[in-house]
Structure formats: C-alpha cells, structure tokens
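J.: Below: one structure in structure tokens.
The values are calculated or read from the model by the stated rules, or taken from the named source; none is laboratory data. From a predicted model like this one, the values you see are computed outputs, not experimental measurements. All Cβ positions, even for glycine, are placed from backbone atoms using ideal geometry, and neighbour counts span all protein chains on display. The protein model used for the area step is the full one, side chains on, heavy atoms only, and it has no ligands, DNA or RNA in it. Shrake-Rupley method; radii C 1.70, N 1.55, O 1.52, S 1.80 Å.
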Amino acid sequence: MPEPRAQPVTKSRNPTTPKFDDQELYNLAAKFGTPYFLIDEGVLRKNVSEIEQAYQGFKGPFRVAYSIKANFNPAVIKTFVSEGIMFDLTAANELYFLLKCGGSPENVIYTSITETLAEFESLISRGVRKIVVSSYNGLLNLIEATAKVGGQVSVLIRVNPEVHVKAELRFSLRHGKFGVPLDSMGEDSAMFMLRKILETPSLNFDGFHFHLGSQVEDPSCYSEALEKLEAFILGARRTLGEFPINTLDIGGGLPTSYGKSVPAPADFSARIMEQLSSLAESFGNKFTLIVESGRFLSADSTVMVSKIVNVKRFNENKYVYLDAGYHDLADAALLRHEYPVEVVPGGAVTQQKTVLVGRLCDSLDVFATSSRSKLGGAEVGKIVVFRGVGAYSIVLGSPFHCQPKPYVHMRDAQGRYSIVRRGQTIEELFDEEGGALPDPAESRE
Ligand SMILES: *Cc1c(COP(=O)(O)O)cnc(C)c1O
C-alpha cells in the first residue's frame, strides 16, 4: 500500500459563472416573467471535460456519470447524453426520463435506496445491467428479479468506508443509511454480500462503489476511503480467492464554487491517482474508474433571475423583497448556504445593511448573503441574479403560496435562447392541485 502522501498544492477553482448579457436577462424577464432559471449549455459541457481531463492520467478506462437527481430537466439530460457520458440513477422514474431523452440503458449505473423487487424487475426488463446493491435484502430482491426477468446483471456493492468527511452533506457516517460496512461479517456486510454474489450464476460481480457526500472540500477523504477499500479487497481475496474487479466507482461529491474557491477536480485526482494506479496494478485487471457528479456538473451552469418588488427601511436595515423565495432555492435553505447574488445593474452600497428577503410569509425566507454578494443599488424594478443554482434547486421547487413553477430557459452553444421548461400558469396549478376534479360529493370511490 502506498505511503500517505503530502497534500498536493491545491489549484483551487473559482466560479466559472456564465456571462449573460444584462439586457438579455431583462428581455427574458419582460417577455416571460420572473423568477426564471437560465442554463448555459456550454458550461455543462465544459464541466464534463474538466472532470475527464483531471483523470486523463489514469491508466485504465475512465467514465464520468451524471447524477440525474441534481437536475433532471430534459434539455440538461440531452446535453449530457450527447456528451456520451454515463448516468447515475437512483429511481426507476429517472430511467424513464433518461430513455425519453435518447439515453441508453447500457450507460446507466443504478444505485437504489429502496431496492425493491418491483424496482429491480422494472430496471432489468428495460435493459439496465449495472446495479449497485446496498443491503442483503436488496441483493436477494435483485437475485429474484433476475430469476423472473432473465438475463445476467453486473453487480457492484456499495460500501460505507466510514471516513470522516468534511462536506456540506455527509453520506459516509457510521449510522450507515447508505452502503454496508467493510469490517463486519453479518448479512449486511461487504464480505457476506460479495460471497453471495460470487456464488449466484445470474450475477456477475462487477466491483465496488462508495459515495462520501456532497460538496466535499477535502480530497483526502477519497484517499482514506480507497485505503480502506484496498485493505478489504486484499483480505477478501485471501478468504474467497481471486475475483475480478471491473468497475470502481468513487461516487460523487465534487464541490462547486459558491463564490469562494474550492479544490478543482484535478486536485482530487492528483490526490488519489497514484493510489488508483497501484490498485489497478495489484488487481491485475484494469478496472473502469467511474466518477459520479451531480452538483459539480450542473450547479455553475445556471442562474436564477428574480425581480425586486418592494423595499423597506427599518432601523439600520434596508429590506429588499424579491418575487422569488426559498421554495425556488430549497437546497440553499436546507443547507443554509449562500449563492453569489448580484443586483443588476449594480449601484453604490448604502450605509444601511441590505437584507434580501423572499416573497413567502415565513420568517425563514431570508436569503443568506455576505460581502461576496453585490447588493448595492437594490431598487424596485431591478433584477437580482443568483449564481450557481443549477443543482438541487429547480428539482426541489415547490408551489408553496400557490406559486406556479417558473420558466427554465437555456442558452445553447451558439448563443441562442430557448424555453426548456414552460412556466406553469396559475390555472394549470389549480387544476393539478385537484381543482379540476369533480366535487367530492359526486365522485365517491
Ligand atoms: C447524489 C449522488 C451523487 C451526486 O452527488 P453530488 O454531490 O451532486 O456530486 C452521486 N452518487 C450517488 C450515489 C448519489 O446519491
């Protein structure tokens, strides 16, 4: 096993925020209303190549997998389909979206939390062949599904390396909602499940998967997880004999810059490249390395544009009211993190502290801002641009306060703008909430 290495110099990544023309932002607002989201297709593509370049030095096949849950807008999915990358799915309904967008089941790596028989049957019958299991019960369901539907399935085990992860969202804690432990022998352990997979004819053991968390800012977490995994594999080979490792999937978690600098994909790969190469060598076969990403791939491609609809001065504060709220940016509200925010066009900063608040009747509906945000010149009628909102925001939107889903626009590589999700009308929202159903008294079940 390689010696622990000194931390490489961090290249650190600053925001690659797309540059949208101010006038264009106002034009879209005038034509289609606010708030709205605007995605830059070019940034989505650039992010794919940034990860691919970071792992160029890996001595085996390498694949990027987009975690569709971060943003499942069909235009985003189609962009990634055309990049030829893989897709990390966690729900059978996500497969529906992917296939509708021209994606292929061969490019899917499927990690389920629920792991039900019906789910596995539906996946296998639609051609998914790479499935990650995370519990013994789930493995038994998968075996039953292959018996019913037929066909060979490649299986990875999701392990929980139980490393201490410095991240906004941690998935590798000891409590273990995700994955199975490396150091236990019960049914829900990597060892027990590996043995079961190796003795099941309808399954091909494919490799290991772990996912440490989201917005992970410390590359050494991956190195620690790989060390634990390597030790496990060596031990398992002594017990079970040789078994192939075709895939090693080190999960997601690459951080995006929310206005402050974070390590780049190249900083992560630099930290673990030697370890990966030595793993590939000591296991005698060149496994495919998969890096998953939702947040890094999608976040900085997108801005949300909102309009200032009211202003109030109260003691030392200037309250600036937007027509958006935390129902549009639930991820930020959940994590209490700050998106870089900018009043457009900007103006002089006043003595009074600017407090940016949303439209909801909820005292929590206040946007986190710091000196990184540019709030000077905030006046009624101007727009406010939230940057880096492409991941876990559009997909978490809710109609709280009878607010219809906002428009989503995209600027393509040629600079053309198009609607990639129509804004909902208030009539549609009413109907979808049950307004179009007959009166309950006339339609008892
Ligand atoms: C959510 C998720 C990811 C993506 O995480 P990011 O932080 O968005 O990169 C990757 N793998 C799995 C299994 C996930 O559940």
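J.: Would you count, across the stretch 300-430, every pair of lysines whose alpha carbons are under 22 angstrom apart, provided the pair is eight or more residues apart or spans two chains?
T.: Value for the stretch 300-430: 15.
J.: Report, in whole Å, the centroid distance computed from the Cα atoms of the stretch 76-127 and the stretch 253-290.
T.: 24 Å
J.: Between 0 and 90 degrees, rounded to the nearest ten: what's the tilt of helix 265-282 against the longest Cα principal axis of the chain?
T.: The angle comes out at about 10 degrees.
J.: Roughly how big is the chain's charge dipole about its Cα centre, with Cβ charges of +1 (Lys, Arg) and -1 (Asp, Glu), in debye to the nearest 20?
T.: 980 debye
J.: Out of all DSSP beta bridges with both ends in the stretch 300-430, state the antiparallel percent to the nearest 5.
T.: Looking only at bridges with both residues in the stretch 300-430, the antiparallel portion is about 75 percent.
J.: Which of the listed residues, Val343, Asn160, Gly235, is farthest toward the dipole's positive end in the chain, when Lys, Arg count +1 and Asp, Glu count -1 at the beta-carbon?
T.: It is Val343.
J.: Using a 1.4 Å probe, what is the accessible area per residue for the chain, in Å²?
T.: For the chain, the per-residue accessible area is 44 Å².
J.: Also, I was wondering about something else. Count the DSSP beta bridges whose two residues both fall in the stretch 55-293, then state the antiparallel fraction as a percent rounded to the nearest 5.
T.: Of all bridge pairs located within the stretch 55-293, approximately 10 percent are antiparallel.
J.: Moving on to the next point. For Ala436 and Val366 in the same chain, what is the full-extension length gain: residue separation times 0.36 nm, less their Cα-Cα distance, in nm?
T.: Between Ala436 and Val366, full extension yields an extra 21.8 nm.
J.: Under a 10 Å cutoff between Cα atoms, tell me which one of Pro201, Pro105, Pro340 has the largest fluctuation in the Gaussian network model of the chain.
T.: With Cα springs under 10 Å in the chain, the top fluctuation among Pro201, Pro105, Pro340 is at Pro201.
J.: Using a 10 Å cut-off on Cβ atoms, rank the peptides 180-190, 432-442, 21-31, 75-85 from the highest mean neighbour count down.
T.: Put in order of decreasing packing, that is 75-85, 180-190, 21-31, 432-442.
J.: With an 8 Å Cα cut-off and a minimum separation of 6 or more residues, compute the relative contact order for the stretch 174-323 in percent.
T.: Computed over the stretch 174-323, the figure is 21 percent.
J.: When we measure straight from the Cα of Lys130, which lysines land under 28 angstrom away, once same-chain ones fewer than 8 places off are left out?
T.: Lys46, Lys59, Lys69, Lys78, Lys100, Lys148, Lys177, Lys196, Lys228, Lys286
J.: Run the simple label-point estimate for Val349 and Glu316 please: 7 Å along Cα→C-beta, distance reported in nm.
T.: So the two model labels end up 1.4 nm from each other.
J.: Tell me, what % of the accessible area of the chain is carbon and sulfur with a 1.4 angstrom probe?
T.: Heavy-atom surface of the chain belonging to carbon and sulfur, 1.4 Å probe: 52 percent.
J.: While we're here: So what is the 222 nm mean residue ellipticity for the chain from helices alone, if each DSSP H run of at least 4 adds -39500 (n - 2.57) and you divide by all residues, rounding to the nearest 500 deg cm²/dmol?
T.: Taken over the chain, the calculation gives -8500 deg cm²/dmol.
J.: If you don't mind, another one. With everything on Cα atoms, drop me the angle between helix 41-54 and the longest principal axis of the chain, reported from 0 to 90° to the nearest 10.
T.: Its long axis makes an angle of about 30 degrees.
J.: Using only alpha carbon pairs under 8 Å that are at least six residues apart, calculate the relative contact order of the chain and give it in whole percent.
T.: Computed value for the chain: 20 percent relative contact order.
J.: Still on this structure: Based on Cα coordinates alone, diagonalise the gyration tensor for the stretch 55-293, multiply each eigenvalue by 5, take square roots, and list the semi-axes in whole Å, largest first.
T.: After diagonalising the Cα gyration tensor, the semi-axes are 25, 24, 17 Å.
J.: What three numbers, in Å, describe the spread of the alpha carbons of the stretch 300-430 along their principal axes, ordered from the longest?
T.: 41, 37, 28
J.: Continuing with the same structure: In the stretch 307-334, whose amide N lies under 20 Å from the spot 7 Å out along Cα-to-Cβ of Ile426? List them in ranges.
T.: 307-310, 322-328, by backbone N distance to the label point.
J.: Continuing with this model, one more query. Using every Cα-Cα pair within the chain, state what percent have a distance larger than 34 Å.
T.: Counting pairs separated by more than 34 Å, the tail of P(r) holds 39 percent.
J.: Kindly express, to the nearest 10 degrees and within the range 0 to 90, the angle between helix 220-240's C-alpha long axis and the longest C-alpha principal axis of the chain.
T.: Its long axis makes an angle of about 20 degrees.
J.: Put +1 on the Cβ of each Lys and Arg and -1 on the Cβ of each Asp and Glu in the chain; which of Val262, Gly138, Tyr407 then has its Cα farthest toward the positive end of the dipole?
T.: Of the listed residues, the answer is Val262.
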